[in-house]
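Asker: Quick one: structure below, then a few questions.
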Amino acid sequence: GKTDIQIGTDVANRTMPEIESIIGLFMNQVPLRTQVEPSQSIQQLVTNVGKTIVDAFENQEVPFEQLVSSLGVERVNSVTARLPLNVSLKDTGEVVRGKLVYDATLFEHGTVERMLARYHEILGCMAEKSSQSLQSVCEALLDQELERENLARQTLRDDKLKSFQSKPRRRTQL
């Protein structure tokens, strides 16, 4: 698997007191890049990602286009496309609230619901097993998924068998 993870996040980009009261959109995208090693603990991963976020936010005034240009990264197209899937999380102090916006032409509602359920399960597992390695947590999650798939297959088989057994049979004599 890949160990170099890159995502982008939006920032309000209102770091100067002079512009805090100005009406308008000052949004900027900040790229976040981190290295993920299977042997590191979940806690180490969270600490590393936290440092990455702090470092990136300290440089949020640099326009995204300027950053892309200075790094010599080739963009697929010059127009920023609308993201097909956008997850927003907000810590209220008591709970973390989430919002997911998705392109309905690319994702079915049921698919998105399953993705959210898995995401919730992954976060719960990570919180519960934060001292364990990322690899062991991933393996535990994969084992759970295999158990779920096996149970679903067995249930489907049982339902088909019940349906077959409950059909009336007509007997004929020769």
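Asker: Going down the list Lys2/Lys160; Lys51/Lys99; Lys90/Lys129, which pairs span over 29 Å between their C-alpha atoms?
Answerer: Lys2/Lys160, as the Cα separations exceed 29 Å there.
Asker: Summing +1 for each Lys or Arg and -1 for each Asp or Glu, what net charge is found among the other residues whose Cβ lies under 13 Å from the Cβ of Leu146?
Answerer: Charge balance near Leu146 sits at -3.
Read-outs: derived from the displayed coordinates by stated rules, not from any lab. Given the structure is predicted, the values throughout are model-derived calculations rather than measurements. Don't worry about glycine lacking a Cβ; one is built from the backbone with ideal geometry, like all the others, and counts go over all protein chains shown.
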